[in-house]
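The structure under discussion appears below in the form of structure tokens.
No lab work stands behind these numbers, since they all come straight from the coordinates. Predicted model only: the values in this text are computed from it and were never measured. Here Cβ is always computed from backbone atoms with ideal geometry, including for glycine, and neighbour counts include all displayed protein chains.
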């Protein structure tokens, strides 16, 4: 369901009614300390409590990891959930009427919410029915299959709510419609029955199948997977697309795996339901299954919420079919991997086995070792290119080189591309280290043959056309700039009397915030300053609603003792921070014009050569003047 934008009144009322101590206490053991409460932070490991909750301010803050915010932000971070989803859940809990920005959307939203709640109820009732049927005489074949063929213990069968759909054509229909009195249209919308093409009436979608409930991230049943116990095709049948269930946006067992994924900072994706179930039963609980489709961006983003390193391992069969399946299953992830936004690994189990089969004859530790040794997807692709090739044969060498060049061209992240150019050059040198520089040059030439001639012109155009190129800073500049910009933003947030001074200084010197997270925060500050609202509180709400990550700037909303001392010297701090920002900008301009001057031939282009010289010399004079103006270094404040 696409949730319409919530009305600010609804958000505000949820904030007012949702007591933060009440909300946080469900996840953290809090103890009273003075006016506030303290406990162990749920966002990082610690032995001494640094996590504080203020009931008067309705805010939480951790002095260990700098996590902070209100009740909505807390539930978002703990459950890795969206802003609108959390607000709606809290609204239900605290009985807040839901409003949207458009009156006509409100009625539709209420209708959809009501429908979804009814569908959850129908599906939960059906899951209980299937579990009960598994224990009856008709379900003994299915139960025996689970215990003998799949070697599952009773606790695992119950953990995953496995059940059995009886063989009759109308068994579930009669149970839900006749016995439980659910409307037939509701049962149909739940994906459990279908209308007959002839003669009227309905028939069950799942018949004589082992039933596997598919749950959402909160553990609510949203659909089913059914495995045949006969020769009927297909072997596996999933629920159709419904209001609750979308195969391309769901991962099986994520409700069980989310804590394990966070704990191990890694998500493992397998092919089948029973691969995931078997691994969980073996204590490997960071595993989900893909429901038989190529992984979509929605599925990837869903699972990567729980891993900081963004590490994703695909485990598919090692035979040819499995190799092709791995390539297909990667789907839309490829672009993320080429950009370096996901650490994608490929695990092919030896002898063409799947995870379930492997665990019948191997220990969980053996599987964990396979995970450790799993190659990155790019390395795996290179291995596939080299497979059955003899690089000493000219034809094979040429074909391998062409395939490698094609692969390297796809890599968007320059650091990653440079690494793999060296890596592949070493492979192509066949052990002769003297050939590596030549192979690197050949690969570079084939990847971007015109790069060397066009680069100076591109640099110049980029500078002239994009004043915001201030956002690119060197590694040495970044730490200094992070502190200076952060101090300036903190003063603006906590010292209203200094705001106009900061605005004037930035405008007079034509400065912008260079670091992207500071630049975005400044944009929101300006928007809210114009509206003349409670700046810090509304900034946090704005970030939440936009689903932005507060980690990089959340510390700016809070003051510890050292911060308080720093901003007591606000005039000097503002002057030093502004000077620092300007110096970094001018240092970059100086390097830019110096590089252009050095690349220009004074005899062929004397006027351009002189222009670049004057430009970098002027910037040098400005840098010297800035150094004289600064009363103290911004690093003195750290």
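Applying 0.36 nm per residue to the separation of residue 246 and residue 308 and subtracting their alpha-carbon distance, the gain on full extension is 19.7 nm.
Most tightly packed first, judged by the mean number of other beta-carbon atoms within 10 Å of their residues, the peptides 597-604, 180-187 read 180-187, 597-604. With a Förster radius of 22 Å applied to the beta-carbon distance between residue 368 and residue 43, the computed FRET efficiency rounds to 0.30. Across every pair of non-identical alpha carbons in the range 176-301, the mean reciprocal distance, once inverted, gives a Kirkwood radius of 15.9 Å. Working note: Debye formula, equal point scatterers on the alpha-carbon atoms of the range 385-449, no solvent; log10 I(q)/I(0) at q = 0.23, 0.29 Å⁻¹ is -0.99, -1.40. The base-10 log of I(q)/I(0) for the range 253-374, evaluated at q = 0.12, 0.15, 0.16, 0.20 Å⁻¹, reads -0.37, -0.59, -0.68, -1.12 [Debye formula, identical scatterers on Cα atoms, solvent excluded].
For the range 116-197, what percent of Cα pairs sit more than 16 Å apart? Here the long-distance tail beyond 16 Å is 54 percent of all Cα pairs in the range 116-197. Estimated translational diffusion coefficient (Stokes-Einstein, Kirkwood radius over Cα pairs, 25 °C, 0.890 mPa s) of the range 8-93: 188 µm² per second. Normalised by the number of residues in the range 106-245, the average gap of Cα pairs under 8 Å and 6 or more apart makes the relative contact order 24 percent.
When only Cα pairs below 8 angstrom with a gap of at least 6 residues are kept, the range 253-374 shows a relative contact order of 28 percent. Compared with the alpha-carbon gap, the fully stretched path from residue 80 to residue 510 is longer by 150.9 nm at 0.36 nm per residue. What's the extension gain from residue 624 to residue 29 if we count 0.36 nm per residue and subtract their Cα-Cα distance? Stretched fully, the residue 624-residue 29 segment lengthens by 208.6 nm. Treating r as the C-beta distance of residue 605 and residue 519 and R0 as 35 Å, the FRET efficiency rounds to 0.50. 7 Å from Cα along Cα→Cβ at both residue 151 and residue 423: what's the point-to-point distance in nm? Placing both labels 7 Å beyond Cα along the Cβ direction yields 3.5 nm. Which distance in nm do the two modelled labels at residue 12 and residue 301 give, with both placed 7 Å along the Cα-to-Cβ direction? In this crude spin-label approximation the distance works out to 3.0 nm. Normalised by the number of residues in the range 385-449, the mean separation of alpha-carbon contacts (under 8 Å, six or more apart) gives a relative contact order of 28 percent. Cα-based values for the range 106-245, radius of gyration first and Dmax second, are 15.3, 52 Å.
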